[in-house]
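As structure tokens, the structure follows; a few thoughts come after it.
All of the numbers you see were taken from the coordinates with simple rules; none came from a lab. None of the values given here were measured: they were computed from a predicted structure. Heads up, the Cβs are rebuilt from the backbone with ideal geometry, glycines too, and the neighbour counts pull from every protein chain shown.
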Amino acid sequence: PISQGCAGLPFPAHSLSVVPFATMLNARKKIVKEKGATPTDLEEEVAKALLDIEVSPSSDIKADLRDVVISGAKEIEVGKSGVAVVIHVPFRVWKIVRKIQGRLIRELEKKFNRKHIILVANRTILDLNFKRKGLKVRPRSRTLTSVHESILEDVVGPTEIVGKRTRISVDGTKLLKVYLDPKDKEKENIESRLNTYAAVYKKLTNKEAVFLFPEA
């Protein structure tokens, strides 16, 4: 089929869809999946949102976002407060993400209808069979405990953790109490995110935790 261009010149109708298709292809470059797995609709939505922020003239983090890619995205139910979107990024780009974490979360939440966005780095846990993988020593950063500690810091970022306590109940179950920096209490609706932090941490580590601010 032939359509009329703005100067009255004919051009193929299929050329009208070139721009969105090109955008989709560019957004795909923002996704790095293992073994070429197909991205989910949510992952493509996140990738497009990242690209939109990157090309926005008003964005002050566009330069930082050039090298940022994602490796996955999932929605996690958070009690009565709805759904959070957990976005995983390769560890190699985490240093960049950490630097702009607060601003990136704000920009993404605008695009995801104010759903809480949580950014987490991919980390590999090495079990006690690490010698079979050719390693003489298991790096401490690869132990289960260390990886879970890092996930905890990722989940609450950019807020800092100022203290942790573990409470053991009579039946032996453990509950981790995580105290967040009180100077962030009034900032960026952190208080409303506490349940989200607990739900996401539980989903990623299978450990119970409560998040709170120290009493003045």
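Okay, here's what the table says:
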{"item": "Computed P(r) (all Cα pairs; region 161-204; 5 Å bins; percent)", "result": "5, 18, 22, 26, 16, 8, 4, 1"}
{"item": "FRET efficiency, LYS202 to VAL55 (Cβ-Cβ, R0 35 Å, nearest 0.05)", "result": "0.45"}
{"item": "Too-long pairs where the Cα-Cα distance tops 18 Å, listed order kept, from LYS74/LYS111; LYS48/LYS115; LYS48/LYS202", "result": "LYS48/LYS202"}
{"item": "R0 of 35 Å, Cβ-Cβ distance GLU77-GLU160: FRET efficiency to nearest 0.05", "result": "0.85"}
{"item": "Interchain or long-range residues, amide H under 5 Å from GLY72's placed H", "result": "HIS88"}
